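The values are calculated or read from the model by the stated rules, or taken from the named source; none is laboratory data. This structure is a prediction, so every number in the text was calculated from the model and none was measured. Don't worry about glycine lacking a Cβ; one is built from the backbone with ideal geometry, like all the others, and counts go over all protein chains shown.
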Amino acid sequence: MTWLDTLSILIIGFVGSAEFASVALVHPVIRTLPDDQQLVFEKGLLRTFGRIMPVGMTAAAVLGIAVAIERPSALLIAAAAILAVALAVTIAGNVPINLRTGRITDRTAPEGFIAMRRRWDLFQLVRGSLQLVGFVLVTVGIAVY
């Protein structure tokens, strides 16, 4: 296993696991809170996940592509494509909603906030699932290559 393999498994695994955990474990709890508390929680997540994940998701896609270029196998090419799609979903879907959420200055959820966040949840389900699948494919692709 090369240094690129190791770095790819670590970064892609971290991002995929964190984003899928967000889908499966964190956001279902957030959705049970009153609207104003959801706003506070989401803004807090923007200060934590929002600082780390843009770098991590970009790195995951770049590493997936680099591994696929280094060893072009069906699994690694599929992983690279899936990670690139996950990044595109993030940029087109999640980021605009995160920016709008971050601009809310009140501690009271404005009208339409919950509907906006439910749209975000759908994008999150897609990207988190894609990132987890990308991680599995990279790991298996590296192991069998």
Quiz item: Scanning for something touching a Phe, Trp or Tyr at 6+ places or on another chain (Cβ under 8 Å), of a type outside the set (Lys, Arg) and part of a helix (DSSP H, G or I), does the stretch 107-119 turn up at least one residue?
Solution: no
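Given the criterion more than 24 Å from Ala109 (Cβ to Cβ), part of a helix (DSSP H, G or I) and either touching a Pro at 6+ places or on another chain (Cβ under 9 Å) or in contact (Cβ under 8 Å) with a residue 12 or more places away in the chain (or both), identify the matching residue among Ile82, Ile77. Quick ask: steps written out before the conclusion?
Numbers: Ile77 fails: either touching a Pro at 6+ places or on another chain (Cβ under 9 Å) or in contact (Cβ under 8 Å) with a residue 12 or more places away in the chain (or both).
Testing whether each residue is more than 24 Å from Ala109 (Cβ to Cβ), part of a helix (DSSP H, G or I) and either touching a Pro at 6+ places or on another chain (Cβ under 9 Å) or in contact (Cβ under 8 Å) with a residue 12 or more places away in the chain (or both) leaves just Ile82.
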Quiz item: Across the stretch 36-72, what is the total count of residues that are free of Cβ contacts under 8 Å to residues at least 12 places away in the same chain, over 17 Å from the mean Cα position of the chain (by Cα) and more than 16 Å from Arg107 (Cα to Cα)?
Solution: 2
Quiz prompt | Among the residues listed as Ile82, Ile104, the single one being of a type in the set (Val, Ile, Thr), closer than 18 Å to Leu45 by Cβ and modelled with pLDDT of 95 or more | solution = Ile104
Quiz item: Failed condition for Leu33, given (1) surrounded by fewer than 17 Cβ atoms within 10 Å (Cβ to Cβ); (2) in contact (Cβ under 8 Å) with a residue 40 or more places away in the chain; (3) of a type in the set (A, V, I, L, M), with all others met?
Solution: (2)
Practice problem: Inspect the stretch 61-77 for any residue being surrounded by 17 or more Cβ atoms within 10 Å (Cβ to Cβ), at pLDDT 95 or above and over 15 Å from Leu137 (Cα atoms) and give the result as yes or no. | Solution: no
Quiz item: Would you call Val55 part of a helix (DSSP H, G or I), at pLDDT 95 or above and in contact with a helix residue (DSSP H, G or I) (Cβ under 9 Å, 6 or more places away or on another chain)?
Solution: no
Quiz item: Of the residues that make up the stretch 102-112, is at least one over 20 Å from Gly13 (Cα atoms) and among the hydrophobic types (A, V, I, L, M, F, W, C)?
Solution: yes
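Here's the yes/no breakdown for (1) more than 23 Å from Phe20 (Cβ to Cβ); (2) surrounded by 15 or more Cβ atoms within 10 Å (Cβ to Cβ); (3) under 11 Å from the mean Cα position of the chain (by Cα):
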{"position": "Ala81", "(1), (2), (3)": "no, yes, no"}
{"position": "Asn94", "(1), (2), (3)": "no, yes, yes"}
{"position": "Asn98", "(1), (2), (3)": "no, yes, no"}
{"position": "Glu111", "(1), (2), (3)": "yes, no, no"}
{"position": "Ala115", "(1), (2), (3)": "yes, no, no"}
{"position": "Arg127", "(1), (2), (3)": "no, yes, yes"}
Self-check item: Filter pass, Phe41 being at pLDDT 95 or above and of a type outside the set (A, V, I, L, M)
Solution: yes
Quiz item: If Leu25 passes every condition in (1) assigned to a helix (DSSP H, G or I); (2) touching a residue at least 12 places away in the same chain (Cβ under 8 Å); (3) not hydroxyl-bearing (Ser, Thr, Tyr) but one, which one does it miss?
Solution: (2)
